[in-house]
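Note sheet for the following structure.
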């Protein structure tokens, strides 16, 4: 039997930092786009109010129509961006976890371990899933080393 700290393996996987940085940058860009659209809406609403005060009902109605369109765009933008970011996050997480699983399978290709448990997992009660595993090999470092070695082998030599 062996154990792996899957949380640590995920955190130290070479792709995790890059994925986090990319997703954070994309999230910030989405926030900026939302903020810009919101500012546009605010300006259109201010123009609408000025037109009402000036008694220009036809122009005010057009501004209100533009404001309603902007509100719809903002709502769609927020929903779409949030969903897209969540889906990308899940895809990246699944890709990295699958790479870790592949490294575990490769490390255990000789089937020396009948079972490999995630020692970072928690039970439904929030307690550690693996409470004690005397004699179990911790393969976390070996898995991470295999991932890094595979990554180096993938990169062409300069």
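Scan 46, 81 and give me the residue that is part of a helix (DSSP H, G or I) and either exposed (fewer than 15 other Cβ atoms within 10 Å of the Cβ) or without any contact (Cβ under 8 Å) to a residue 40 or more places away in the chain (or both).
46
Pick out the one residue from 97, 3, 104 that is outside any helix (DSSP H, G or I) and either in contact with a strand residue (DSSP E or B) (Cβ under 9 Å, 6 or more places away or on another chain) or at negative phi (or both).
3
Being on the phi < 0 side of the Ramachandran plot, in contact with a helix residue (DSSP H, G or I) (Cβ under 7 Å, 6 or more places away or on another chain) and in a helix (DSSP H, G or I) narrows it down to one residue among 40, 120, 72; which is it?
Matching residue, one of 40, 120, 72: 40.
Just one of (1) loosely packed, with under 11 Cβ neighbours inside 10 Å; (2) touching a residue at least 12 places away in the same chain (Cβ under 8 Å) trips up residue 27, so point out which.
Against the list (1) loosely packed, with under 11 Cβ neighbours inside 10 Å; (2) touching a residue at least 12 places away in the same chain (Cβ under 8 Å), residue 27 comes up short only on (1).
I'd like the residue in the range 94-104 that is exposed (fewer than 15 other Cβ atoms within 10 Å of the Cβ) and in contact (Cβ under 8 Å) with a residue 40 or more places away in the chain and, out of all such residues, is farthest from the chain's Cα centre (by Cα).
Of everything passing the filter in the range 94-104, 97 is farthest from the chain's Cα centre (by Cα).
Tell me, please, whether a residue that is under 20 Å from residue 29 (Cα atoms) and surrounded by 13 or more Cβ atoms within 10 Å (Cβ to Cβ) can be found in the range 57-67.
Within the range 57-67, not a single residue is under 20 Å from residue 29 (Cα atoms) and surrounded by 13 or more Cβ atoms within 10 Å (Cβ to Cβ).
Would it be correct to say that residue 143 is touching a strand residue (DSSP E or B) at 6+ places or on another chain (Cβ under 8 Å) and either over 22 Å from residue 18 (Cβ atoms) or outside any loop (DSSP other than H, G, I, E, B) (or both)?
Yes; evaluated as a whole, the condition is true for this residue.
Please find, among 130, 148, the residue that is touching a strand residue (DSSP E or B) at 6+ places or on another chain (Cβ under 6 Å) and either part of a loop (DSSP other than H, G, I, E, B) or more than 16 Å from residue 3 (Cα to Cα) (or both).
130
Could you figure out which of (1) buried (at least 16 other Cβ atoms within 10 Å of the Cβ); (2) touching a helix residue (DSSP H, G or I) at 6+ places or on another chain (Cβ under 7 Å) isn't true of residue 3?
The one condition residue 3 does not meet is (2).
No value in this document is a laboratory result; all are computed from the given coordinates. Please read all numbers here as calculations on a predicted model, not as lab measurements. Reconstructed Cβ throughout: ideal geometry from the backbone, glycine too, with neighbour counts over all protein chains shown.
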